[in-house]
Amino acid sequence: MSTHTAAPDPDATPASDPASDPASDPVLGFDPTYGYDLDALLAVPAPEPPADFDAFWQGLYSEALDVTVAPELGPLEYEQDGMRVHGVTYTSSGGFRVGGWLTLPADGEVTRGMVVVHGYGGRTAPETSLPGPGTAAIWPCARGLADRSLSPEIPSLAAEHVLHGIASRDTYVHGGNAADVWCAATVLRELVPQASRLDYVGTSFGGGIGALALPWDPRFTSGVLVVPSFGNIPLRLTLPCLGSGEAVRAHHAAHPEAVEVLRYFDAASAATRVNIPTLVAAALYDPAVPPPGQFAVHNGLAAGVRELVVLSHGHAEHEGAEAEAASLRGAINHFLSRKRA
């Protein structure tokens, strides 16, 4: 395991020291470190998945590969940071029409591809500074989420979206969201066939969905999962938070049988099946996605493929945030710039 710390300016004073102050936040009403220091976080396990976990996910992947994605590439919307930005739509599993963007190098030289998935807040534009030279990237808005995949059938609020279809593993929305990733990869290959290498980058919601999607799709060469959600569901159900996990906790309290569905969508369990180089950026302090779940995703990865960037904070403003974000971008760019077999 390779571990890095995305540290703020050493001359800056941190807003707080999560590892040394386990007391509950007086505003939040709970401790966003959950009493874990780094050593304890590195010991959080990935839960054992259901016996038919692999078969279930392989079935979903097979269905997604059979989809006729029928991509429609829109005209040039604008050019920024050396990237040309186009709107794109395509068909995913269940016939859902996904919207998003395709970014292409302005010089026309494409050598690699990237699928980039947002957090639960959705996305209003691609981050054109992320892809490296020669990268064609697709930026899908996951089904039901802003701003190009909104649907009257799927609630867009995170607290409602995360519960959509939760009564059955066959209807739970996160299965469809993983299919949106696989179909996005198909679209990229159809529209930009010269993008032979394929990487994945996902943050928060996108980090968790990425962990669920990556094990089954051999087209991906590497993955980056930033503050990934949905890790170690049994533990998450015991931890209060400000994110979508709190809606799941409340639902589970009223419907304890839901855990049997959620076990199929545990990002940490899925991480144990990932066999490509994967960088996880996990936070010591995070009120929205509890750090033990984030680290469980990293810990579930095999020692030979995982890298870790330790963040001081996730989903929270803090002193030194800009420097830490820059350090994280550097670590991600370095990871993605490496040659892969």
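All of the numbers you see were taken from the coordinates with simple rules; none came from a lab. None of the values given here were measured: they were computed from a predicted structure. Cβ sites come from the backbone with ideal geometry, for glycine too, and all protein chains shown count toward neighbours.
For this structure, a couple of remarks:
- Within the chain, percent of DSSP bridges classed antiparallel, to nearest 5: 40
- On the principal axes of its alpha carbon atoms, the chain extends 53, 50, 37 Å, with the longest extent given first.
- The listed peptides 249-262, 325-338, 191-204, 171-184, ordered by packing as a protection proxy, come out as 171-184, 191-204, 325-338, 249-262 (highest mean of other Cβ atoms within 10 Å first).
- Computed about the Cα centre, the dipole magnitude for the range 2-337 is approximately 860 debye when only Lys and Arg (+1) and Asp and Glu (-1) carry charge, each at its Cβ.
- Residues Trp139, Trp57 arranged by fewest to most Cβ contacts within 10 Å: Trp57, Trp139
- Point-to-point label distance, Thr124-Glu48, nm (Cα→Cβ direction, 7 Å offset): 4.8
- Between the range 243-270 and the range 141-201, the Cα center-to-center distance that results, in Å: 19
- DSSP H segments from the chain that extend 30 Å or more along their own axis, Cα-based, with Kyte-Doolittle mean of 0.0 or above: none
- Given charges at Cβ of Lys, Arg, Asp, Glu: the chain dipole, positive-most of Gly122, Ala70, Phe230: Ala70
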